[in-house]
Amino acid sequence: MSAHEPRTHPALPRIKLELSEDALKTINTHLLELDVVKNTQAVHFSPMFSIYASTVLLAAIISACPDLLDQRYARVEAAMQVLCQNSRLQEDLREAIEKQDFTDVLNIEVLQKPARANMRVLNRRRTL
């Protein structure tokens with residue numbers, strides 16, 4: 001999907017990471033250096049390859065960010081399950097590859113460590 005194509009699934013809930021811009025740039029640079037990221041191309045998101053490419057890419061991103069993201073999704077089976085449950089996630093991964101920026105993916109609530117997601121629920125309750 002290019003920036004000009006319409007999105008087909010609603011956006012996933014996000015939790016903005018409480019990290020400095022420098023920290024986010026460092027993480028993004030680290031992710032861009034992963035072999036799976038370097039070797040992922042737009043053709044990998046065609047219907048024939050998309051779930052496989054997305055699963056491998058997501059598992060690699062999760063395992064590369066143990067302090068931020070829920071490591072249960074670092075397993076390929078769990079990564080595939082979360083992708084199947086959240087169709088929009090494939091689109092977000094494709095956009096991250098195109099933009100060479102994973103900040104938006106890192107902010108996806110379902111991928112974050114449970115403690116971070118639980119804090120978001122508590123914060124929502126306080127504001128109600």
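The values are calculated or read from the model by the stated rules, or taken from the named source; none is laboratory data. Since we're looking at a predicted model, the values are computed, not measured. Backbone-built Cβ (ideal geometry, glycine too); neighbour counts: all protein chains shown. When the accessible area is computed, the model is the full protein with side chains, heavy atoms only, and any ligands, DNA or RNA have been set aside. Shrake-Rupley method; radii C 1.70, N 1.55, O 1.52, S 1.80 Å.
The set of residues from segment 55-84 being open to solvent by 30 Å² or more (accessible area, probe 1.4 Å) and among the polar types (S, T, N, Q) comprises 63, 71, 81. Here residue 117 fulfils each of the conditions (1) modelled with pLDDT of 80 or more; (2) in a helix (DSSP H, G or I); (3) open to solvent by less than 70 Å² (accessible area, probe 1.4 Å) apart from (1).
Residues in segment 67-91 that are closer than 20 Å to residue 33 by Cβ, modelled with pLDDT under 95 and out of contact with any strand residue (DSSP E or B) (no Cβ under 7 Å at 6 or more places or on another chain): 67 alone. Cβ-Cβ distances below 7 Å connect the following pairs, each with a first residue in segment 65-87 that is without any contact (Cβ under 8 Å) to a residue 60 or more places away in the chain, a second residue that is part of a loop (DSSP other than H, G, I, E, B), and a separation of six or more residues or different chains: 68/17; 68/113; 69/113; 70/113. Of the listed requirements (1) more than 12 Å from the chain's Cα centre (by Cα); (2) open to solvent by less than 60 Å² (accessible area, probe 1.4 Å), residue 99 misses just one: (2). Which of the residues that make up segment 99-114 are modelled with pLDDT of 90 or more, not hydroxyl-bearing (Ser, Thr, Tyr) and not in a loop (DSSP other than H, G, I, E, B)? Result: 99, 104, 105, 106, 108, 109, 110, 111, 112.
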